[in-house]
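Trainee: Pasting a structure here, questions to come.
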Amino acid sequence: MAPAPSAIQDLAAPHSKTGPADQSDVLVIGAGFGGIAAALRMRARGYSVTLVDRLDAIGGRAQVFERGGFRHDAGPTVITAPFLFDELFELFRERRENHLDFRPLDPWYRFHFHDGNQFDYRATVEDTNAEIERFSPRDVAGYAGLLEASRQIFEVGFEKLADRPFTRFMTMMAQVPSLLRLRSYHTVASLVNRHIKHPLLRQAFSIHPLLVGGNPFTTTSIYTLIHYLERRWGVFFCMGGTGKLVEELHRLLERAGVNVELGVDIERITMKGGRATGAESTAGRRYIADRVICNGDPPTVYQQMLPNETRSKRAIPEAATKYSMGLYVMFFGTRKQYPDVAHHTIWMGPRYRELLADIFDRKILADDFSLYLHRPTATDSSFAPDGCDSFYVLCPVPNLLGDVDWEFEGPRLRDRIVAALEETIMPGLGASITDDFWMTPEDFKRDYRSMHGAGFSIAPIFTQSAWFRYHNRDPHIPNLYFSAAGAHPGAGMPGVLCSAKVVERLIEEEDRAAAASGRLAKGA
């Protein structure tokens, strides 16, 4: 029973290169999913690409921990919009299915409420309606209305905006009529509550913003598009886990000819004449590039990696920035199996809105909590020894802007979570739990350079969305780009993969403009 070890083994390890500078067309800083996708898209356009990361494996927060024969994915576990991964393989005339097995899940999520009720969010509308009817027959029609509202938002928010650059204010203004018509100034919770009346179902259908770091009571209703997105493509698990997904993407990077360097901690982005010229690591390794793409947390990049004179020009002033919640993530194995615990289980405590206010607004660690449980052994038995289960539990907590002593509170929260699960859905957990450890917001700050230890960068509120979010190209440094959770369109795997598409679109536009300029100059 101990805190998680740092994901960084030794930043000054021998595999951190020193010596002559590395030179490439594109330098990608950070090998999370947004950085991986950006590197592949740039390489497919013919650029030489160097991808660096401070950890010992690519994947960013999608690291893999192994302890006592149990394997744990540390990062995102819910795969939606699988076509975004398909596209990365198709860039190099490969098929994702030849490398990765995405298994559809049913139920998508199982909700356990504090009063003992259980609700399965199922893979078909018909099965979901049957679950809704057990709680509130009139909400079957309400769910149909919610899906229709979600479809309309999806057609604008995802199909028209998710992979479009918002570097110009007029781009945003052009979408204002659609955004007003769809009432995107409302919150996710208010839109859900318009259609769903049962209080527990309201919780179940408004929970999605928490998967990308947002409070349902402040997150723009644009994020209700997730309902239709899931219905459009489904919810999947990658056999072998997110670690297998990252492993195959690493192999794709190598086959594509991307230069991947790990254990490289970038200290600063170098500048000359108002342009980025590359970067320098803490070990003195220099990287020279025509373009720099950052997959790191934008507030961290602006505050810690750019020269002082550029910090005042950041898209969102620090004093005005609202950050996502922090995460307490507990990993453990059990010496018995819990077949009634679904692959994705959401364990709801007695309070909902009030608990979220404690986490996001008051930034206090309350006595109660709600939890997300990941049980990969429900689908893939390779995560644990025979007859055992592998778990991680994610507990939303205040980020480091709150005054929480995690060295003291970490073990106490562990014990409270184990007791709560043992009393409800995991009888005998106290006796069967083994090889447990955890991460707190302090680990997110240290290992991932996440500002204030936030789990998902800046919060997905309306005033931090689209043009108001960090731009995918810096407005003052024309060759510095962001393919990251804190940039447009936002957090979550679909969000960061689309962020890479936005960067590609921007560079494609620049290349076309440069080619046209060259033709004009030649004609003159």
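Trainee: Can you give the Rg to Rh ratio of the chain, both from alpha-carbon atoms, with Rh computed by the Kirkwood formula?
Mentor: Working: Rg = 22.6 Å, Rh = 23.6 Å.
Value, to two decimals: 0.96.
Trainee: In 5 Å bins starting at zero, report the fraction of Cα pairs in segment 176-251 per bin as a rounded %.
Mentor: 3, 14, 19, 19, 16, 11, 8, 7, 3, 0
Trainee: If all Cα-Cα distances of segment 387-467 are sorted into 10 Å bins from 0 onward, what percent lands in each bin, rounded to whole numbers?
Mentor: So the P(r) values, bin by bin, are 15, 39, 28, 15, 3, 0.
Trainee: Report the label-to-label distance for E267 and R138 in nanometres (one decimal), using points 7 Å from each Cα along the Cα→Cβ vector.
Mentor: So the label points at E267 and R138 sit 6.6 nm apart.
Trainee: If we sort 129-142, 37-50, 372-385 on the protection proxy, mean other Cβ atoms within 10 Å, highest first, what's the order?
Mentor: 37-50, 372-385, 129-142
Trainee: Structure shown: which of K363/K445; K160/K501; K160/K445; K160/K244 lie over 23 Å apart, alpha-carbon to alpha-carbon?
Mentor: K160/K445; K160/K244
Trainee: Under a Cβ-only charge scheme (Lys and Arg +1, Asp and Glu -1), can you give me the dipole magnitude of segment 133-233 about the Cα centre, in debye to the nearest 20?
Mentor: 180
Trainee: Here is a follow-up. What are the extents of the Cα atoms of segment 133-233 along their three principal axes, listed from largest to smallest and rounded to whole Å?
Mentor: Here the Cα extents, ordered largest to smallest, are 48, 24, 22 Å.
Trainee: Right, another one. Points 7 angstrom from Cα along the Cβ direction at D367 and K160: gap in nanometres?
Mentor: The modelled label-to-label distance comes out at 5.0 nm.
Trainee: Quick one: go through segment 211-245 and flag any residue whose amide nitrogen is under 16 Å from the point 7 Å out along the Cα-to-Cβ line of R194.
Mentor: Zone members listed by number: 217-228.
Trainee: While we're on this one: Could you calculate the FRET efficiency of A514 with R232 from 1/(1 + (r/R0)^6), where r is the beta carbon distance between them and R0 is 41 Å, rounded to 0.05?
Mentor: 0.65
Trainee: For segment 205-323, what is the largest minus smallest coordinate of the Cα atoms on each principal axis, given in angstrom and ordered from greatest to least?
Mentor: Sorted largest first, the three principal extents are 49, 43, 21 Å.
Trainee: Any chance you could run the full-extension gain for R351 through E423? It's 0.36 nm times the residue separation minus the Cα-Cα distance, nm to one decimal.
Mentor: Values: separation 72, 0.36 × 72 = 25.92 nm, distance 1.75 nm.
Residue separation times 0.36 nm, minus the Cα-Cα distance, leaves 24.2 nm.
Trainee: Taking R0 as 30 Å, what's the FRET efficiency between S382 and R446 from their Cβ-Cβ distance, rounded to 0.05?
Mentor: 0.50
Trainee: On full extension of the chain, what length is gained from T282 through R251, given 0.36 nm per residue of separation minus the C-alpha to C-alpha distance? Each step should come with its number before you reach the end.
Mentor: Numbers: separation 31, 0.36 × 31 = 11.16 nm, distance 2.69 nm.
Result for the pair: 8.5 nm of gain on full extension.
Trainee: Compare the peptides 401-410, 436-445 by average per-residue count of other Cβ atoms within 10 angstrom and give them in order, highest first.
Mentor: Result, highest mean first: 436-445, 401-410.
Trainee: Tell me the angle of helix 241-256 to the major Cα principal axis of the chain, expressed in degrees between 0 and 90 and rounded to the nearest ten.
Mentor: Long axis of 241-256 versus the principal axis of the chain: about 20 degrees.
Trainee: Just to verify a number: FRET efficiency for E148 and Q304, C-beta to C-beta distance, R0 = 56 Å, to 0.05?
Mentor: Computed FRET efficiency for E148 and Q304 comes out at 0.80.
Trainee: Near the amide H of Y109, under 5 Å away, which other amide H atoms are found, from residues 5 or more places off or on another chain, if H is placed in the peptide plane?
Mentor: Result for Y109 returns Y121.
Trainee: Next question, about the same structure. Over the Cα atoms of segment 51-111, what Rg and Dmax result, in angstrom?
Mentor: Values for segment 51-111 (Cα only, Rg and Dmax): 14.6, 40 Å.
Trainee: Still on this structure, please answer the following. Helix 406-423: angle to the longest alpha-carbon principal axis of the chain, degrees 0 to 90, nearest 10?
Mentor: Helix 406-423 sits roughly 40 degrees off the main axis of the chain.
Read the figures in this text as sums done on the coordinates, not as results from a lab. Keep in mind that what you see is a predicted model, and the values were worked out from it rather than measured. Here the Cβ is made from the backbone with ideal geometry for all residues, glycine too, and neighbour counts use every protein chain on show.
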